[in-house]
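Nothing in this text is a laboratory measurement; each read-out follows from the coordinates by a stated rule. Since the model is a prediction, treat every value here as computed from it, not as a measurement. Every residue, glycine as well, gets a Cβ built from its backbone with ideal geometry; the counts of neighbours run over all protein chains shown.
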Amino acid sequence: MKKKYVDKSYIYERDGKKCVFCGKSLKFKQMSIDHYFPKSRGGTNDIFNLVLSCKRCNTLKSSRVPNGYKKKLTKLFLRAVADDKVSASVSRMPKKSVMSVALDMQKIEHMGDYYAFQNDCYRIYVKDDQIYKIIQLNSNEKDKYREGFKMRKSFGKKTISYPAPVYIVCSYDENGKANAMNAAWGGLCSSNPASICVSIRKERKTYENIIKNNAFTINIPSSGNAQSADYFGMVSGKDEDKFEMSGLTPVKSDTVNAPYIDEFPVAIECSLLKTVEIGSHVQFIGEIQDVKISMDCLDENGDVDIRKVDPILFVPEIRKYYCVGDEVGRAFSIGRAIKDK
């Protein structure tokens, strides 16, 4: 049965508001939805085969098959799984386990009225955006463990690291309006000069702002700010005034041309030191000019108490936030028991 509904808004955002064929930026009303693998050649209406196209490319493409289409479709399928756009109905296997396997697919094994994706361990079958069958391949091929060692599950080439921070990156646009975005790919990267990095996609408004102003701030929210922090990662500053919508207060930094968030406990003010082209993201390395921390987060000695900062942590693969836990021990001290053996 043909699907009647197409989530155009999702495709528009997923493809960065640009035609996937020529790269032209498109307004929503200018967009056209095209089958990446042509419908005339058997292309389906699965969400991972539908892409954003300008009307010109939609017409010119006709029945031509793009180069590297299998690799592109596999990438779009993995994105659809991660974005909960693919469902699962496999008997005797929990949905969470099916999705975990699906996120590790490496290639397309079959295309037709259904898709078969495969890695070294499993093959899954997909039709109408639903995983309906999964097969475990030869056990000799899938056994990646050695006897005598702890069993581990291979997650493949995934952006998994613990903990992932919740950084709210603030900047000014060309009109001096404050903007904020949620970014998790970042961390301290140098002691001298004191520096911190954060990675951002080129299509983000924040990317434009940082390039223009050579400055940004990284704000660390507490658990009480989780709702606002999450909102900053859900919409684009090109479409909404995030500070007006969230009700939070931008404060102009006195060291760099960027705002920080008054309600968040930690603000790290940075001047742009270097940019590094990586792939899907561009890494911004900022030289830290000042760190401003709320007085409410200090202990009786004037030092920062992480329990009072109460930063939230992000777990990318399950899309959940957590708080920090208990103290484990004193750094450069508890290891002496091993060192002094």
### Summary
The answer for D290, listing residues at least 5 apart or on another chain whose modeled amide H is closer than 5 Å to its amide H, is E269
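Could you grab the relative contact order for the range 14-136? Cα pairs under 8 Å, six or more apart, rounded to a whole percent.
On the way: 190 pairs, mean separation 23.4, N = 123.
Relative contact order of the range 14-136: 19 percent.
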### Task
Would you pull out the residues with amide H under 5 Å of K17's amide H, same chain only if 5 or more places away, H placed 1.01 Å from N?
none
### Query
Relative contact order for the range 164-323: what is it in percent, counting Cα pairs under 8 Å that are at least 6 residues apart?
26
### Message
Quick check: from the Cα gyration tensor, does the range 14-136 come out rounded (a/c under 1.5), prolate or oblate?
### Response
prolate
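Report, please, the projected area of the range 164-323 averaged over directions, based on the convex hull of its C-alpha atoms, in nm².
9.3
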### Query
Given only helices, namely DSSP H runs of n ≥ 4 each adding -39500 (n - 2.57), what is the per-residue ellipticity at 222 nm of the chain, to the nearest 500 deg cm²/dmol?
-5000 deg cm²/dmol
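Please list, by residue number, every one of the trypsin sites (Lys or Arg not before Pro) in the range 227-316 that is coil in DSSP and has at most 12 other beta-carbon atoms within 10 Å.
Those that pass, being in a loop and sparsely packed, are K238.
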### Message
Per residue of the range 327-332, what does 6.51 cos²θ - 1.76 cosθ + 1.60 with θ = phi - 60° give for ³J(HN,Hα)? Whole Hz please, x for Gly and Pro, Karplus curve as stated.
### Response
5, 9, x, 8, 5, 6
### Task
Using the structure shown, list the pairs from K29/K238; K27/K202; K71/K158; K8/K133; K27/K242 with a Cα-Cα distance above 25 Å, or answer none.
K8/K133
### Task
Please list the non-local residues whose amide H lies under 5 Å from the amide H of R201, H modeled 1.01 Å from N, same-chain partners needing a gap of 5 or more.
V282
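Are there any helices in the chain, counted as whole DSSP H runs, that stretch 27 Å or more along their axis by Cα and score at least 1.6 on average by Kyte-Doolittle, and if so which?
Counting only whole DSSP H runs, no helix qualifies.
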### Relative contact order computed over the chain (Cα-Cα under 8 Å; 6+ residues apart), in percent
11
### Query
What residue among S89, S195, S222 has its Cα farthest toward the positive end of the dipole of the chain, where the charges are +1 on Lys, Arg and -1 on Asp, Glu, each on the Cβ?
S89
